[in-house]
């Protein structure tokens, strides 16, 4: 099994992690029915539709 010759430094470890573990904003899409922003593949909280049909009754 391969074994590293030297210990990986703290700066190298943190630089690698900062690129992959960064907190990114959640993706947003626009509801085709009402135009409100929503999470993709979720029911619209504003109008209650998903994939062109009403799933939740909103008042």
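The values are calculated or read from the model by the stated rules, or taken from the named source; none is laboratory data. This is a predicted model, so every value here is computed, not measured. Ideal geometry is used to build each Cβ from the backbone, glycine not excepted, and the neighbour counts take in all protein chains shown.
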Completion exercise
Quick count over the stretch 17-52, residues being free of Cβ contacts under 8 Å to residues at least 12 places away in the same chain, surrounded by 10 or more Cβ atoms within 10 Å (Cβ to Cβ) and not in a loop (DSSP other than H, G, I, E, B), is 6
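For (1) loosely packed, with under 10 Cβ neighbours inside 10 Å; (2) at pLDDT below 95; (3) in contact with a strand residue (DSSP E or B) (Cβ under 6 Å, 6 or more places away or on another chain), each residue gets a yes or a no:
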{"residue": "4", "(1), (2), (3)": "yes, yes, no"}
{"residue": "11", "(1), (2), (3)": "yes, no, no"}
{"residue": "15", "(1), (2), (3)": "no, yes, no"}
{"residue": "55", "(1), (2), (3)": "no, yes, no"}
